[in-house]
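The values are calculated or read from the model by the stated rules, or taken from the named source; none is laboratory data. All values derive from a computational prediction rather than experimental measurement. Please note: Cβ atoms are built from the backbone with ideal geometry, for glycine as well, and neighbour counts cover all protein chains shown.
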Amino acid sequence: MPRLTLLQLNDLHAYLEPHPELFWEGGRPVTRITGGLARIKAYFDQVRAECPGTVIALDNGDTFHGTGPVVATRGEFMPELLNGLAFDGMTAHWDFGYGPQQLEHLVSSLNYPLLAANIYDEETSERPFAPFRIIERGVRVGVLGLASNIIGDMPPRFGRGLRFTDGRAETHELVRHLREVEWVDAVVMLSHLGFPQDCALAREVEGIDVLLSGHTHNRLTAPQRVGRTLITQAGCHGSFVTRLDLEVAADRVELIQHELVEMHAARPLDLLLAEQISRHLLPFRAAEEEIVGHTELLLHRGTTLSAPADDFLTAAVAHAAGTSIAFSNGWRYGAPVAPGPVTRMAVWNLVPHDPPVSQVQLCGAELLQMLEDNLEAVFARDPWRQRGGYVKRMHGVVLYAKLENPFGARVQAIEVAGEPLEPERQYPAAFLTNQAVPTRFGENRRELPVSSVQAMLGYLKERGPVVAAPASVHLI
């Protein structure tokens, strides 16, 4: 039977060079140096040499956004670097962070398409990006793309003028089209919906052979099987690549081998690409070398309920605003920072888009409802109600919850500054972005003349080393 090899990269988040990555060993978080586009290219080249004419390489998106230098340059030099990897297609999420026009500009410089069947122009209802493409690699493969369906819920600049769907109706229609009109031998879905949603999609839609999943940063050491569909995901930050070796028959696709390939430091680099990357990052080397503080613990975002990196971030935001409580979104991306000296670049990369610190007055009842809504967004029984992030990050607030309870009954108790929450009391709070404190909550909302990065730098200077904080979420 004909062979096909798929290579998957998801959620690069603009980590272009080798960097610390989070691993768990003996129940404890540790870091190892992994990743880098030059290492990924060398691996892609190796696989293409092993399997000539049968390789398809795909990128799930969250590619053009996620580190300070790339955000500062609006992704302008990324296409030059990515083209060397010879992808066959990508889809998107944070890639819309500079607005649709800038993303279309960046994509126009790629030698492969952005695929998104679930994005429409609000005025014309036409798709700005191709929904699928047909690729011949000894077999005829239909690759169907779905962008993130939460872009429309993010800051207005992300999706201005566009409409986003969850892609279910489009997938039903287009899988049938690929099978019955295009006569493909295999259907590959390239999705940025998230692992729970992708499992649900595979249950709802027959005929997807392989679903390459992104968004939720799962490291799948074995593919998930849902009916006939194989589902894979490859962590984040370019620290891993998925390799799938398949046999394609007339009526099915069979798995020969799946490998979650760590891009560890012993793997070879493509030296030419490494030099290209280094040239583009040269203006930012000073930030990589400047020591701005110290941490006594490993700062990471690798846990769902709370995480040390965000304990530091929210403490800094509260300190900058002069409030006892603060909130931040439960972002997943961002390389960990090992105990020891902290550089300006490490701080910048925690929040590369550097939003301003804001203040708001929240009553206790609003605070409770906000946390109930957030727990539903993370742990909803219906995967289509999940929004893909971690639990909201908090400083000065302690939440006691039962996650197994239905929506509206998960929050059991809340303490603010060590005291029980009072529903009628007004609480001054600091926050970053309207995702952390949605606009339907609170009064007297205002931005402060300090950014999130400035807040963290000031905290390190004025408060000294980062130390462990008490847990903000307790499951009871």
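I'd like the full set of residues that are surrounded by fewer than 11 Cβ atoms within 10 Å (Cβ to Cβ) and outside any loop (DSSP other than H, G, I, E, B), limited to the range 258-271.
The answer is Leu271, and nothing else.
Out of Leu85, Leu115, which single residue is at pLDDT 95 or above, under 22 Å from Ala274 (Cα atoms) and not β-branched (Val, Ile, Thr)? Break it down stepwise before answering.
Values: Leu115 fails: under 22 Å from Ala274 (Cα atoms).
Among Leu85, Leu115, only Leu85 is at pLDDT 95 or above, under 22 Å from Ala274 (Cα atoms) and not β-branched (Val, Ile, Thr).
Give all pairs with beta carbons closer than 9 Å in which a residue from the range 48-75 that is over 30 Å from Ile256 (Cα atoms) meets a residue that is part of a loop (DSSP other than H, G, I, E, B) and basic (Lys, Arg); count only pairs at least 6 apart in sequence or on separate chains.
That search, which allows pairs on different chains as well, returns Phe64/Arg74.
List the strands (runs of 3 or more DSSP E) inside the range 130-226, counting only whole elements, that have at least 3 residues being of a type in the set (A, V, I, L, M, F, W, C) and more than 19 Å from Pro113 (Cα to Cα). Steps first, please.
On the way: elements: 132-136, 140-146, 162-164, 186-191, 210-213, 224-226.
Counting at least 3 such residues, we get no strands (runs of 3 or more DSSP E) at all.
If we only count helices (runs of 4 or more DSSP H) wholly inside the range 1-110, which ones have 3 or more residues that are closer than 25 Å to Leu281 by Cβ and not hydrophobic (A, V, I, L, M, F, W, C)? Lay out the reasoning, then the answer.
Details: elements: 37-50, 68-72, 78-83, 100-108.
By residue number, 37-50, 78-83, 100-108.
Here is a check on your reading of the model: is Val253 over 26 Å from the mean Cα position of the chain (by Cα), surrounded by 15 or more Cβ atoms within 10 Å (Cβ to Cβ) and β-branched (Val, Ile, Thr)? Before the answer, list the steps.
Values: over 26 Å from the mean Cα position of the chain (by Cα): yes; surrounded by 15 or more Cβ atoms within 10 Å (Cβ to Cβ): yes; β-branched (Val, Ile, Thr): yes.
It is true that Val253 is over 26 Å from the mean Cα position of the chain (by Cα), surrounded by 15 or more Cβ atoms within 10 Å (Cβ to Cβ) and β-branched (Val, Ile, Thr).
Can you go through Val357, Val398 and tell me which one is under 27 Å from the mean Cα position of the chain (by Cα), surrounded by fewer than 19 Cβ atoms within 10 Å (Cβ to Cβ) and in a strand (DSSP E or B)? Quick ask: steps written out before the conclusion?
On the way: Val357 fails: surrounded by fewer than 19 Cβ atoms within 10 Å (Cβ to Cβ).
When all the criteria are applied, what remains is Val398.
Name the pairs: first residue in the range 137-164 and assigned by TED's automatic domain parsing to the domain that holds Ala117, second residue part of a strand (DSSP E or B) and surrounded by fewer than 16 Cβ atoms within 10 Å (Cβ to Cβ), Cβ to Cβ under 6 Å, at least 6 apart or on different chains?
Gly142/Ile134
Test Ala430 against the stated conditions and say whether it is without any contact (Cβ under 8 Å) to a residue 60 or more places away in the chain and either surrounded by 13 or more Cβ atoms within 10 Å (Cβ to Cβ) or among the β-branched types (Val, Ile, Thr) (or both).
Details: without any contact (Cβ under 8 Å) to a residue 60 or more places away in the chain: no; either surrounded by 13 or more Cβ atoms within 10 Å (Cβ to Cβ) or among the β-branched types (Val, Ile, Thr) (or both): yes.
No: the conditions fail for Ala430.
Every residue, every condition in (1) in contact with a helix residue (DSSP H, G or I) (Cβ under 7 Å, 6 or more places away or on another chain); (2) of a type outside the set (Gly, Ala, Ser), yes or no:
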position: Asp166; (1), (2): yes, yes
position: Leu201; (1), (2): yes, yes
position: His215; (1), (2): no, yes
position: Leu230; (1), (2): no, yes
position: His237; (1), (2): no, yes
position: Ala249; (1), (2): no, no
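In the set Glu376, Glu372, Glu415, Glu404, which member is in the same structural domain as Leu457 (by TED's automatic domain parsing) and assigned to a loop (DSSP other than H, G, I, E, B)? If you could, list the steps in order and put the result at the bottom.
Details: Glu376 fails: assigned to a loop (DSSP other than H, G, I, E, B); Glu372 fails: assigned to a loop (DSSP other than H, G, I, E, B); Glu415 fails: assigned to a loop (DSSP other than H, G, I, E, B).
Criteria check complete, one pass: Glu404.
Got a number for residues in the range 210-245 being of a type outside the set (Ser, Thr, Tyr) and either touching a His at 6+ places or on another chain (Cβ under 9 Å) or surrounded by 24 or more Cβ atoms within 10 Å (Cβ to Cβ) (or both)? Full working, then the answer.
The first filter runs over the range 210-245 and keeps only residues of a type outside the set (Ser, Thr, Tyr), leaving 210-212, 214-215, 217-220, 222-228, 230-231, 233-238, 240-241, 243-245.
Going one step further and asking which of them are either touching a His at 6+ places or on another chain (Cβ under 9 Å) or surrounded by 24 or more Cβ atoms within 10 Å (Cβ to Cβ) (or both), we end up with 210-212, 214-215, 217, 220, 222-223, 230, 233-238, 240, 243-245.
Adding up the residues that qualify gives 20.
For Met263, which of the numbered conditions (1) in contact (Cβ under 8 Å) with a residue 60 or more places away in the chain; (2) not assigned by TED's automatic domain parsing to the domain that holds Phe77 fails to hold?
So Met263 meets the others, but not (2).
Residues to consider are Asp245, Asp311, Asp270; find the one that is acidic (Asp, Glu), touching a residue at least 60 places away in the same chain (Cβ under 8 Å) and assigned by TED's automatic domain parsing to the domain that holds Tyr333.
On the way: Asp245 fails: assigned by TED's automatic domain parsing to the domain that holds Tyr333; Asp270 fails: assigned by TED's automatic domain parsing to the domain that holds Tyr333.
On inspection, the qualifying residue turns out to be Asp311.
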